[in-house]
Amino acid sequence: MDAVGIRPGMVVGEAGAGRGYFTFRLARRVGATGKVYANDIDRDALDHVRQVCRDEGIGNIETVVGEVEDPLFPVSGLELVMMVYALHDFSRPVAFLQNLKKYLKPGGAVCIRDQDPEASGNHHFLTRERLVEVFAESGYELARDERFLEKDLLLVFRPAASS
């Protein structure tokens, strides 16, 4: 989270949040003055996130049931959208990423953390080159490429000026 600048008070989204493994970490980082919008198409997974929030008194997470092609975040102006071990499973990633732009504030970014199939040997995940292609096709450009994770990719994309 340090590498991509997640700090207290930020308003962030997580696309493909699932049962919230990373969502809860984001919520702790942005703190009480921040907000996390946890998106997924799996209602049962989001029910789990809501239940944990109730059980543990977490008040800065809002769950969002999205669609295959649109996360349906209820706000625009997200500073960052995280996608952790998720994009490789999206059936319509280009359409999703195109729609995602309308929820970002100017200067906002999308951060992908995914397994690097070249380092891990797990070819279920997309290569760095393929991720860059998918984002370029969706109207984004690579802004940062962090290389400190042994088996994961950490890439930050911003909407291209022309998109």
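Please treat every number below as a calculation from the coordinates, not as lab data. Keep in mind the model is a prediction, meaning the values are calculated, not measured. Methodologically, a virtual Cβ is constructed for each residue, glycine included, from the backbone with ideal geometry; neighbour enumeration extends over all protein chains shown.
Annotations
- Helices (runs of 4 or more DSSP H) enclosed by segment 1-115 - at least 2 residues per element that are touching a Gly at 6+ places or on another chain (Cβ under 7 Å), closer than 24 Å to D152 by Cβ and not charged (D, E, K, R): 43-56
- All positions within segment 12-23 that are surrounded by 19 or more Cβ atoms within 10 Å (Cβ to Cβ) and not charged (D, E, K, R): V12, G13, A15, G16, A17, G18, G20, F22, T23
- Qualifying residue in segment 48-66 (condition: within 27 Å of R128 (Cα to Cα), surrounded by fewer than 17 Cβ atoms within 10 Å (Cβ to Cβ) and without any contact (Cβ under 8 Å) to a residue 40 or more places away in the chain): no
- Looking only at residues of segment 121-163 that are acidic (D, E) and assigned to a strand (DSSP E or B), we find that the one that is nearest to L100 (Cα to Cα) is E141.
- Cross-chain or 6+ apart pairs with Cβ under 7 Å, segment 1-28 first and under 16 Å from L87 (Cβ atoms) and touching a residue at least 12 places away in the same chain (Cβ under 8 Å), then outside any loop (DSSP other than H, G, I, E, B) and among the hydroxyl-bearing types (S, T, Y): G13/Y37; G13/Y103; E14/T23; A17/T23
- Evaluation of L72 against the conditions (1) surrounded by fewer than 20 Cβ atoms within 10 Å (Cβ to Cβ); (2) more than 16 Å from V12 (Cα to Cα); (3) under 16 Å from the mean Cα position of the chain (by Cα) shows that the sole unmet condition is (2).
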